[in-house]
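The structure appears below as structure tokens.
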Amino acid sequence: MADTTGALYRPVIIAPVVYCLVGFTMGPLAEEMLYRAVLYGSLRHWMRPVFAVAIQALLFGLMHRYGLLYMSMAFASGLVFMGMYLWRRTLWSPVLVHAMMNAVSLIPLLVMLLAFSSHM
């Protein structure tokens with residue numbers, strides 16, 4: 001009997017697809033709101049802005065625990081996102097760039113999973 005459910009409906013594929021969709025939609029929005037708007041917004045009232053920028057980027061980097069290199073890249077990204085936020089004076093610029101960066105890294109993973117699932 002042939003499988004009529006299709007590759008996207010297999011349980012092994014549904015979770016990664018949802019993870020990828022959240023990874024480049026809700027994840028960046030939530031992280032930018034938390035780190036750039038809330039955390040930086042609170043810290044800058046207690047310290048010089050340069051220190052508030054550094055601390056929010058450091059915490060953003062530490063939150064991405066996929067190894068030291070990844071954490072370092074996340075720290076640098078946190079600095080870039082903060083710069084965009086300050087330059088453009090809107091949260092949407094870093095949210096969109098963050099989402100695109102996540103998509104660039106997650107879409108190949110999703111394609112590989114879908115290709116693998118078609119051979120199951």
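Of note:
- Placing a pseudo-label 7 Å from each Cα along the Cα-to-Cβ vector at Trp87 and Ile107 gives an inter-label distance of 2.3 nm.
- Stretch gain in nm, segment Phe116-Ala37, where the contour uses 0.36 nm per residue and the Cα spacing is subtracted: 24.5 nm
- The chain - percent of accessible surface contributed by carbon and sulfur, probe 1.4 Å: 76 percent
- Point-charge dipole on Cβ atoms (K/R +1, D/E -1) for the chain, about Cα centre, debye to 20: 440 debye
- Square roots of 5 times each gyration tensor eigenvalue, C-alpha, the chain, largest first, Å: 36, 13, 11
- Accessible surface for the chain, divided over its residues, is 68 Å² per residue with a 1.4 Å probe.
- Where chymotrypsin sites (Phe, Trp or Tyr not before Pro) in DSSP loops with at most 14 other Cβ within 10 Å are excluded, longest remaining stretch of the chain: 67-120
- Here the label points at Met100 and Leu62, each 7 Å from Cα along the C-beta direction, are separated by 3.1 nm in the simple model.
The values are calculated or read from the model by the stated rules, or taken from the named source; none is laboratory data. Worth saying up front: this structure is predicted, and the values here are computed from it rather than measured. We place every Cβ from the backbone using ideal geometry, glycine too, and count neighbours over all the protein chains shown. For the accessible areas, the whole protein counts, side chains as well, though only heavy atoms, and no ligand, DNA or RNA atoms are used. Shrake-Rupley method; radii C 1.70, N 1.55, O 1.52, S 1.80 Å.
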